[in-house]
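**Student:** Before I ask anything, here is the structure I am working with.
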Amino acid sequence: MIRYRNPEQDDPIILQLIESQLIPLSHLTPKELEIISKDIPTRLRRGVTFVASKEPNGIAVAFVHFMLHGELLYIDMLAVAPAVQRKRLGVSLMQHAESFALSRGCKRAKVMVDLGNHKGLSFYQKLGYKTVRIITPSQCYEMEKVW
């Protein structure tokens, strides 16, 4: 089941998923990660977050956070708990985010994938994203999908 994020219920789990699934893939320094970690609650308030749970108000096991900038859908974060990976939850979350964006006039989507995150790179490629460039300072692939 995909639903909108409930901050009180879901944010502790979202933060745990970020800590366990996203931060270990990052190439940022500990100081940069500390600054970014403090900014996560603000980021979550700025965009839209969908979560996957087994029941309508159940515990979140995955999430996608994104923002719309004019005709651009920017995928900020996507994480799935290890116990439920490879069950198409990431695909379902991305479909919901892309449908949301398309219904609001977006024509393309963008996501950054950390260098070395081969699973993430493959995942987005299967969804139709193409690598546009490598951003050296942050050590990530910039990927884009055009509808």
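The values are calculated or read from the model by the stated rules, or taken from the named source; none is laboratory data. Just so it is clear, the model here is predicted, and its values are computed rather than measured. All Cβ positions, even for glycine, are placed from backbone atoms using ideal geometry, and neighbour counts span all protein chains on display. Ligands, DNA and RNA are excluded from the accessible area calculation, which covers all protein heavy atoms including side chains. Shrake-Rupley method; radii C 1.70, N 1.55, O 1.52, S 1.80 Å.
**Student:** In the list 60, 97, 79, which residue meets the criterion of being more than 19 Å from residue 142 (Cα to Cα), in contact (Cβ under 8 Å) with a residue 24 or more places away in the chain and open to solvent by less than 60 Å² (accessible area, probe 1.4 Å)?
**Tutor:** 60 is the lone residue from the list that is more than 19 Å from residue 142 (Cα to Cα), in contact (Cβ under 8 Å) with a residue 24 or more places away in the chain and open to solvent by less than 60 Å² (accessible area, probe 1.4 Å).
**Student:** Turning to a different aspect of this structure: Considering each residue of the range 59-82, count those that are over 15 Å from the mean Cα position of the chain (by Cα) and either at pLDDT below 95 or of a type in the set (D, E, K, R) (or both), and give that number.
**Tutor:** Residues in the range 59-82 being over 15 Å from the mean Cα position of the chain (by Cα) and either at pLDDT below 95 or of a type in the set (D, E, K, R) (or both): 1 in total.
**Student:** Can you confirm whether residue 105 is more than 14 Å from residue 14 (Cβ to Cβ) and more than 12 Å from the chain's Cα centre (by Cα)?
**Tutor:** yes
**Student:** So, in the range 100-120, of the ones that are in a loop (DSSP other than H, G, I, E, B), open to solvent by 10 Å² or more (accessible area, probe 1.4 Å) and of a type outside the set (S, T, N, Q), which residue ends up farthest from residue 72 (Cα to Cα)?
**Tutor:** 116
**Student:** Separate question: Just checking, which of 30, 12, 56, 24 is under 19 Å from residue 121 (Cβ atoms) and out of contact with any Leu (no Cβ under 9 Å at 6 or more places or on another chain)?
**Tutor:** 24
**Student:** If you take the residues of the range 1-56 that are among the small types (Gly, Ala, Ser), in contact with a helix residue (DSSP H, G or I) (Cβ under 8 Å, 6 or more places away or on another chain) and not in a helix (DSSP H, G or I), which of them is surrounded by the most Cβ atoms within 10 Å (Cβ to Cβ)?
**Tutor:** Top of the filtered list is 52.
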